[in-house]
Amino acid sequence: MANSDDTLTDDETSSIHEATLQEICHRVLGERRLVIASNRGPVTYAKDENGELVAERGSGGVVTALSSLTHITPLTWVAAALSEADREISDSPEAAPLATDGIGENLRLRFVNIDEDSFDKYLNVISNPLLWFTQHEMNDLLLEERESLSEMWVAWREGYVRANHEFARVIAEEVDLPESAPYVIFHDYQLYLAPGVLRRDHPGLTMMHFTHIPWPGPETWHNLPGTWVRVICESLLACDIVGFQSNSAVEAFAATCLEYVEGVKVARDKEGNTLVSRPTGQGEAGVTWVRAYPISIDPQEVMRVYRSPEAADWKAKLQADLGNYDKLIVRVDRLDPNKNVVAGFESYQQLLQDRPDLAGKVVFLALLVPTRESVPEYAQYKDQTFELIDQINEEFGRKNWRPVHYIYGNDYARALAALSMADVVLVNSVADGMNLVAKEGVIVSEKPSVLVLSTNTGAWEELGEHSIGVAPDDQAGTAQALFQAMEMPQPEREERHRALKQTVRENDLSHGLASHLTDLGRFHREA
């Protein structure tokens with residue numbers, strides 16, 4: 001039953017969407033098995049002191065987004081072997097116990113065992129530095145990271161290409177099982193080449209690739225060898241469906257294909273969706289649907305964690321540590337240069353300079369999550385961030401007021417507790433495929449908070465109308481946006497938040513997954 005304001009509670013919404021997802025899985029898949037491929041899998045293994053295998057929940061956004069499917073439908077998940085125990089069982093998938101938190105019994109897990117040197121080149125030379133920095137338009141860091149052209153090509157051939165071929169080989173084994181006629185979905189930038197490899201021997205297979213990070217326009221791809229970009233685009237066009245987080249990424253991908261792949265054509269169907277006709281040579285000639293499928297959160301799961309005793313304890317501790325204040329600005333981010341944390345603090349610093357009357361009244365709480373600390377660029381960014389925090393506190397702090405508080409560590413319950421307390425949530429990323437913190441902040445907010453959101457995030461397409469938009473490189477504009485958010489009248493604050501919360505609830509995790517599967521079914525019927 002709906003509550004008194006005729007909106008659904010988080011539990012009611014999640015229940016409806018889960019039932020819908022189950023129905024769609026049954027209707028679309030039938031007896032077919034779904035095969036998912038990603039670099040990180042939903043389960044990784046270690047050995048205890050007795051040498052017994054112990055299953056642990058995998059980390060990362062892809063795992064979070066897709067694990068719910070393991071409770072609903074038969075699913076094979078192909079992932080890279082990341083631990084010694086993973087590698088030991090890579091050829092014996094039936095020997096691995098799967099029971100772990102959040103993973104259902106329908107899962108069949110396959111590991112791809114890539115030799116250590118190839119894996120390092122695939123992930124740590126090509127995927128994470130070069131593709132990641134390119135797609136997030138972090139050109140300064142990209143140029144710093146690039147090795148000599150000959151070394152890059154060695155890493156491409158002996159790392160990225162080899163790893164993608166290994167993924168395709170293992171997926172082909174699953175596709176060729178006697179009882180199998182699956183749909184295959186590849187995930188993210190580590191696996192751009194596997195679809196093209198698989199298509200050559202499986203021309204009738206229904207395949208999709210979904211990219212979770214941004215896809216920039218063709219001019220940004222000029223920083224990489226043109227042959228790489230052409231091969232990546234050709235491989236993606238071997239899929240029946242190519243998915244992105246936002247419509248802007250869809251348009252950018254189509255433009256990139258037009259520039260780098262000879263013979264492609266771009267059109268629109270009657271629903272306004274983008275169609276790219278692929279030339280002969282990428283499997284059979286045909287049409288690839290290119291569409292936006294915004295990934296979201298599970299509001300019910302978010303609220304379950306937020307209502308936990310751990311979150312309540314964190315909230316009490318945070319309130320005690322922060323002391324007295326009138327307004328609280330909160331950000332929760334990995335300490336990744338792409339998240340633009342330094343620029344956010346610089347805008348806050350400018351705000352305090354421009355408005356001395358805010359001294360003692362406003363606190364900025366930052367929860368910063370360690371990431372890639374062994375990468376020099378990330379270590380330098382960490383040092384730069386903490387130096388700036390110290391500078392702001394020294395310049396503006398008073399005896400009973402510290403303008404910036406930060407916590408360096410990773411605790412989900414603590415992050416949700418902090419977001420619930422915010423008057424303003426700041427998300428000013430350089431670029432994000434989506435950004436789920438923006439959505440989590442909406443769901444747990446108690447004030448309610450105002451969302452200050454970078455227009456370069458995928459979340460902007462969904463949440464921008466009721467947020468305050470900022471350009472990530474506009475320090476003065478971000479300072480003004482923070483002030484506008486803090487001074488916003490309560491009725492407007494509540495109206496914006498109500499609209500944001502409705503959007504996040506309606507377009508939740510199940511909704512996005514259902515869209516994926518529905519289009520796979522539509523394509524299979526129309527092909």
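The values are calculated or read from the model by the stated rules, or taken from the named source; none is laboratory data. Being a predicted model, the structure only gives us computed values, none of them experimental. No Cβ is skipped: glycine too gets one built from the backbone with ideal geometry, and neighbour counts run over all protein chains shown. These accessible areas exclude ligands, DNA and RNA; they are computed on the full protein's heavy atoms, side chains included. Shrake-Rupley method; radii C 1.70, N 1.55, O 1.52, S 1.80 Å.
A few comments on the model shown:
- The simple Förster model, with R0 at 35 Å and r as the Cβ-Cβ distance, assigns A320 and L143 a FRET efficiency of 0.15.
- Ranking of R57, R40 by solvent-accessible surface, largest first: R40, R57 (1.4 Å probe, protein heavy atoms only, all chains present).
- At the listed q of 0.09, 0.12, 0.20 Å⁻¹, the Debye profile of the range 336-486, built from one uniform point per Cα, gives log10 I(q)/I(0) equal to -0.26, -0.48, -1.46.
- Solvent accessible area, Å² - E301, 1.4 Å probe, full protein context: 80
- Database remark: amide H of F210 closer than 5 angstrom to the amide H of F186, H187, D188, G243 (H placed geometrically; neighbours at sequence offset of 5 or more, or on other chains; Pro and chain starts carry no H).
- Hz values of 3J(HN,Hα) by residue in the range 151-158 - Karplus curve (6.51, -1.76, 1.60), Gly and Pro given as x: 5, 4, 5, 4, 5, 5, 6, 8
- Across D354, D120, the residue with the most accessible area heads the list, and the full order at a 1.4 Å probe is D354, D120.
- C-alpha long axis of helix 162-175 to longest principal axis of the chain, angle in °: 70
- Residue-wise HN-Hα couplings along the range 398-410, as the Karplus relation 6.51 cos²θ - 1.76 cosθ + 1.60 with θ = phi - 60° gives them from phi, are 10, 4, 10, 8, 10, x, 10, 10, 9, 10, 9, x, 10 Hz; Gly and Pro carry x.
- Accessible area per residue in Å² at 1.4 Å probe, computed on the range 314-411: 46
- Each helix, a run of at least 4 DSSP H residues, gives -39500 (n - 2.57); summed and divided by the residues of the chain, these come to -13000 deg cm²/dmol at 222 nm.
- Estimated translational D of the range 129-245 in µm²/s (Stokes, Kirkwood radius over Cα pairs; 20 °C; 1.002 mPa s): 142
- Between K265 and S277, the built amide H atoms are under 5 Å apart, and every one of these is 5 or more places off in sequence or on another chain.
- Label-point gap, in nm, between E23 and A359 - each point 7 angstrom along Cα→Cβ: 6.2
- Loop sites in the range 370-435: GluC sites (Glu not before Pro), DSSP, at most 10 other Cβ within 10 Å: E373
- Residues whose placed amide H lies under 5 Å from that of R402, excluding near-sequence neighbours: none
- Solvent-accessible area, 1.4 Å probe, carbon plus sulfur percent, for the chain: 47
- Of the whole protein surface, H511 contributes about 80 Å² of accessible area at a 1.4 Å probe radius.
- Fraction of beta bridges assigned by DSSP in the chain that are antiparallel (%, nearest 5): 25
- Cα-centred dipole magnitude for the chain, charges only on beta-carbon of K, R (+1) and D, E (-1), debye, nearest 20: 720
- Hydrodynamic radius by Kirkwood, which averages 1/r over all alpha carbon pairs of the range 295-423, in angstrom: 15.6
- For Q484 and R57, the FRET efficiency from 1/(1 + (r/R0)^6), where r spans their Cβ atoms and R0 equals 30 Å, is about 0.15.
- Whole-Hz couplings from phi, Karplus 6.51/-1.76/1.60, listed for the range 339-345; x for Gly and Pro: 6, 6, 5, 4, 4, x, 5
- Inter-centroid distance (Cα atoms) of the range 194-267 relative to the range 385-437, Å: 37
- Efficiency of FRET between E105 and N50 - r from beta-carbon atoms, R0 22 angstrom, step 0.05: 0.35
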